[in-house]
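Below is one structure; the comments refer to it alone.
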Amino acid sequence: MLSEKSKAIGFILLAAFGFALMSTFVHLAGDLPPIQKAFFRNLVAMFVAAGVMAREKVSPRWKKGDLPLLLMRSICGTLGIFFNFYAIDHLLLADANILNKMSPFFAILFSFIMLRERANALQYLAVLAAFGGSMLIVRPGFSAEAFPAIIGLLGGVSAGAAYTAVRALTQRGEESARIVFFFSAFSMLACVPSMLFNFHPMTVQQTLCLLGAGAAATLGQFGMTLAYSHAPAKEISVFDYTQVLFSAVLGFFLFDQVPDGWSVLGYVVICGVSVLVFFYDRVMESREQARGGV
């Protein structure tokens, strides 16, 4: 039977694939306002979450005392999307993505502040090594574009705070579908004012791409929410970097993007660190179980 940590790793890998697929669809959608893309990103997620809630008979009413955390998750998550899409429009795509991948660092920081979840030395080193592997892949150079880079970094900060709020909510017993529904509805409403004055007509292809982005984002959101409900950020955040690997594969098959030697080395570092952390945690679990059985 799978442990809680193994389930969490599986879910975060699923989330990483979903978000990589989402980025692909957003790229295919072409030149549209970021807020318009964000609206459709959450449209599908809201309806899917509503369907799950109806099927599982989950009330839309949140648990007592959870509203502040739901608002934190929604505000930070929405800002994270806006910041990330702005960075994508003003930086190299690789630069924007690596800034967004700072979120695990901030998730660990916020988890310590909010949840008192401490990471051990290996887990800190693993996240740093995975980030280093990502740097080998993208080798960002944004010195001439400080403002968009800062906005992109703020996207990583916002995402880290949002993931921590998800962890806190699931620890309090909040339903995953309700968390996704609340966030998606909040984010859509936040997009409406801008869309009323700056809506760009879309082709059928663009509409389908954005609906595909929404479906992929739904997969990512549910995967991420379930992952953080089964394990703390310090134990699973390193696996979030596999999104870079999924993006590389999609880029190769869809856009004929061939990675160079440095990129391949980065993939090896990320995969190697993920495997190392996984087996280290398994060994530690086995030792704890052995001690408990003595």
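The values are calculated or read from the model by the stated rules, or taken from the named source; none is laboratory data. Predicted model, so just to flag it, every value in this text is computed and none were measured. Cβ placement follows ideal geometry from the backbone for every residue including glycine, while neighbour counts extend to all protein chains displayed. All accessible areas refer to the heavy atoms of the entire protein, side chains included, with ligands and DNA or RNA removed. Shrake-Rupley method; radii C 1.70, N 1.55, O 1.52, S 1.80 Å.
Look at Val258 and say whether it is loosely packed, with under 15 Cβ neighbours inside 10 Å and outside any helix (DSSP H, G or I). I'd like the intermediate steps shown before the answer.
On the way: loosely packed, with under 15 Cβ neighbours inside 10 Å: yes; outside any helix (DSSP H, G or I): yes.
For Val258, the condition - loosely packed, with under 15 Cβ neighbours inside 10 Å and outside any helix (DSSP H, G or I) - is met.
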(request) From the list Gly261, Gly266, pick out the single residue that is closer than 30 Å to Leu122 by Cβ, free of Cβ contacts under 8 Å to residues at least 40 places away in the same chain and small (Gly, Ala, Ser). (result) Gly261
(request) State yes or no: is Leu196 open to solvent by 50 Å² or more (accessible area, probe 1.4 Å), outside any loop (DSSP other than H, G, I, E, B) and not small (Gly, Ala, Ser)? (result) yes
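Yes or no: the stretch 242-251 includes at least one residue that is more than 17 Å from Ser176 (Cβ to Cβ), touching a Pro at 6+ places or on another chain (Cβ under 9 Å) and part of a helix (DSSP H, G or I). If you could, list the steps in order and put the result at the bottom.
Within the stretch 242-251, the subset more than 17 Å from Ser176 (Cβ to Cβ) is 242-251.
Then keep just the ones that are touching a Pro at 6+ places or on another chain (Cβ under 9 Å); that gives 248, 251.
Now drop any that are not part of a helix (DSSP H, G or I), which leaves 248, 251.
Yes, the stretch 242-251 contains at least one residue that is more than 17 Å from Ser176 (Cβ to Cβ), touching a Pro at 6+ places or on another chain (Cβ under 9 Å) and part of a helix (DSSP H, G or I).
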(message) Return the residues of the stretch 96-109 that are open to solvent by 20 Å² or more (accessible area, probe 1.4 Å) and under 15 Å from the mean Cα position of the chain (by Cα); say none if nothing qualifies.
(response) Asn97, Asn100, Met102, Phe105, Phe106
(message) For the stretch 44-86, give me the residue count where each residue is surrounded by fewer than 18 Cβ atoms within 10 Å (Cβ to Cβ) and of a type outside the set (A, V, I, L, M, F, W, C).
(response) 11
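Output the residues belonging to the stretch 185-198 that are in contact with a Ser or Thr (Cβ under 8 Å, 6 or more places away or on another chain) and within 19 Å of Leu219 (Cβ to Cβ).
Let us first name the residues in the stretch 185-198 that are in contact with a Ser or Thr (Cβ under 8 Å, 6 or more places away or on another chain), namely 186-187, 190.
Listed by number, the list holds a single entry, Ser187.
Which one of these is more than 24 Å from Glu175 (Cβ to Cβ) and without any contact (Cβ under 8 Å) to a residue 40 or more places away in the chain: Cys209, Cys271? Outline the logic, then answer.
Working: Cys209 fails: without any contact (Cβ under 8 Å) to a residue 40 or more places away in the chain.
Selected residue: Cys271, the only one of Cys209, Cys271 that is more than 24 Å from Glu175 (Cβ to Cβ) and without any contact (Cβ under 8 Å) to a residue 40 or more places away in the chain.
Quick one: which of Leu211, Leu219, Leu245 is of a type in the set (A, V, I, L, M), modelled with pLDDT of 75 or more, open to solvent by 50 Å² or more (accessible area, probe 1.4 Å) and touching a Phe, Trp or Tyr at 6+ places or on another chain (Cβ under 7 Å)?
On the way: Leu219 fails: touching a Phe, Trp or Tyr at 6+ places or on another chain (Cβ under 7 Å); Leu245 fails: open to solvent by 50 Å² or more (accessible area, probe 1.4 Å).
Being of a type in the set (A, V, I, L, M), modelled with pLDDT of 75 or more, open to solvent by 50 Å² or more (accessible area, probe 1.4 Å) and touching a Phe, Trp or Tyr at 6+ places or on another chain (Cβ under 7 Å) holds for just one of Leu211, Leu219, Leu245, which is Leu211.
For every residue, the table says whether it meets (1) in a helix (DSSP H, G or I); (2) farther than 21 Å from Val244 by Cα.
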{"position": "Phe39", "(1), (2)": "yes, yes"}
{"position": "Ala45", "(1), (2)": "yes, yes"}
{"position": "Ser59", "(1), (2)": "no, yes"}
{"position": "Leu71", "(1), (2)": "yes, yes"}
{"position": "Thr78", "(1), (2)": "yes, yes"}
{"position": "Phe85", "(1), (2)": "yes, no"}
(message) Please verify whether Arg41 is crowded, with 22+ Cβ neighbours inside 10 Å and of a type outside the set (Asp, Glu), treating the condition exactly as stated.
(response) yes
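Among the residues of the stretch 123-156, which ones are at pLDDT 80 or above and open to solvent by 30 Å² or more (accessible area, probe 1.4 Å)? Break it down stepwise before answering.
First pass over the stretch 123-156, keeping only residues at pLDDT 80 or above: 125, 128-129, 151-156.
If the condition is that a residue be at pLDDT 80 or above and open to solvent by 30 Å² or more (accessible area, probe 1.4 Å), then Leu125, Leu128, Ala129, Leu153, Leu154 are the ones that fit.
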